[in-house]
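As structure tokens, the structure follows; a few thoughts come after it.
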Amino acid sequence: SQTIHQWPATLVQPVGSPLSLECTVEGTSNPNLYWYRQAAGRGLQLLFYSVGIGQISSEVPQNLSASRPQDRQFILSSKKLLLSDSGFYLCAWSTSSHIQYFGAGTRLSVL
Amino acid sequence: RKEVEQDPGPFNVPEGATVAFNCTYSNSASQSFFWYRQDCRKEPKLLMSVYSSGNEDGRFTAQLNRASQYISLLIRDSKLSDSATYLCVVSPYNFNKFYFGSGTKLNVKP
């Protein structure tokens, strides 16, 4: 069966520090991968998606970047965090029937 | 205009009540439709896909109205455990993106 791992679960970072969040998927090959952010009390905002290794589509211009160095690995990064980067970050993959499965998420607080 | 819009609620209902949520979408070329459930501080989880002919899963019924560009979710005999935020999700023709509504919060009271 397929599983998705995302870590860390919680992160507290100072403004201006770098960020690296990692997501890996098991049990499937060539999945579509996604990074979302959810601000407190808000909906999910699609940040990046990837349909293959090295292929990244950015949905919202901002302080973040994404990379897909391996088929089942998706990384979200920032060189310098802003206060507005705080939120709940979710990684997801989608099946051939277009259903999305999410990782448990990373709750990021930028102070 | 947002891709997907939902009434944020909250909907406060007693146990056993029937409650319905609607969600409108702006892109008439949208092809796939879903309802997800999100518990507080947790990741969203698929509740059900929405098919053109409508579909039912136990106490939950989903409907799609392409002409008016909305989908609905009906929950019968509400349980305390149904308390959550319900997210409407729409995917366009290329299936590479998913657009989430901001969610409708449901509180089922004893």
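Couple of notes before you dig in:
- Solvent exposure of the stretch B:1-42, expressed per residue, is 57 Å² of accessible area, with all protein chains present and a 1.4 angstrom probe.
- At the residue level, A:VAL12 shows approximately 90 square angstrom of accessible surface with a 1.4 angstrom probe and all protein chains present.
- Cysteines in chain B that, by Cβ-Cβ distance, have no pairing candidate under 4.7 Å: B:CYS40
- Interface residues in the stretch B:64-105 - accessible area drops by 30 Å² or more relative to the isolated chain, probe 1.4 Å: B:PHE95, B:ASN96, B:LYS97, B:PHE98, B:PHE100, B:SER102
- Surface accessible to a 1.4 Å probe, per residue, for the residues of chain A, Å²: 46 Å²
- 5 Å binning of all Cα-Cα separations within the stretch B:1-75, expressed as whole percents from 0 upward: 3, 13, 24, 25, 21, 9, 3, 0
- Exceeding the 24 Å Cα-Cα cut-off - candidates A:LYS80/B:LYS105; A:LYS79/B:LYS97; B:LYS2/B:LYS79; A:LYS80/B:LYS2; B:LYS42/B:LYS79: A:LYS80/B:LYS105; A:LYS79/B:LYS97; B:LYS2/B:LYS79; A:LYS80/B:LYS2
- List of the stretch A:36-60 residues, accessible area with partners at least 20 Å² below that of the chain alone (1.4 Å probe): A:TYR36, A:GLN38, A:GLY43, A:LEU44, A:LEU46, A:TYR49, A:GLU59
- Phi-based couplings in Hz for the stretch A:39-49 (Karplus 6.51, -1.76, 1.60; Gly and Pro marked x): 6, 3, x, 10, x, 7, 10, 6, 9, 9, 9
- For the segment A:86-98, counting C-beta atoms of other chains within 10 Å of every residue's C-beta and taking the mean gives 2.
- For the stretch A:39-106: rounded, prolate or oblate by the Cα gyration tensor [a/c cutoff 1.5]: oblate
- For chain B, excluding the exposed loop sites themselves (chymotrypsin sites (Phe, Trp or Tyr not before Pro), DSSP loop, at most 15 other Cβ atoms within 10 Å), the longest remaining stretch covers B:1-50.
- Exposure of A:LYS80 as accessible area (Å², to 10), given a probe of 1.4 Å and all protein chains: 130 Å²
- By accessible area with a 1.4 Å probe, ligands and nucleic acids excluded, highest first: order of A:ARG42, A:ARG107: A:ARG42, A:ARG107
- FRET efficiency for the pair B:ALA29 and A:LEU111, taken as 1/(1 + (r/R0)^6) with r the Cβ-Cβ distance and R0 = 30 Å, rounds to 0.10.
- Taking every residue in A:104-110 and counting other chain Cβ atoms within 10 Å of its Cβ, the average works out to 1.
- Area accessible to solvent at A:ASP85, 1.4 Å probe radius, in Å²: 10 Å²
- Applied to the stretch B:64-78, the Karplus parametrisation 6.51 cos²θ - 1.76 cosθ + 1.60 on θ = phi - 60° returns per-residue 3J(HN,Hα) values of 10, 10, 5, 4, 9, 6, 9, 10, 9, 10, 10, 10, 9, 6, 3 Hz, with x for Gly and Pro.
- Accessible surface, 1.4 Å probe, highest first, among residues B:ASP39, B:ASP82, A:ASP71, B:ASP7: B:ASP7, B:ASP39, A:ASP71, B:ASP82
- Buried solvent-accessible surface, both chains (B, A), 1.4 Å probe, Å² to nearest 100: 1700 Å²
The values are calculated or read from the model by the stated rules, or taken from the named source; none is laboratory data. All figures in this text were calculated on a predicted structure; none of them were measured in a lab. Cβ coordinates were reconstructed from backbone atoms using ideal geometry, including for glycine residues, and neighbour counts include every protein chain displayed. Please note that ligands, DNA and RNA were not included when accessible areas were found on the heavy atoms of the full protein model with its side chains. Shrake-Rupley method; radii C 1.70, N 1.55, O 1.52, S 1.80 Å.
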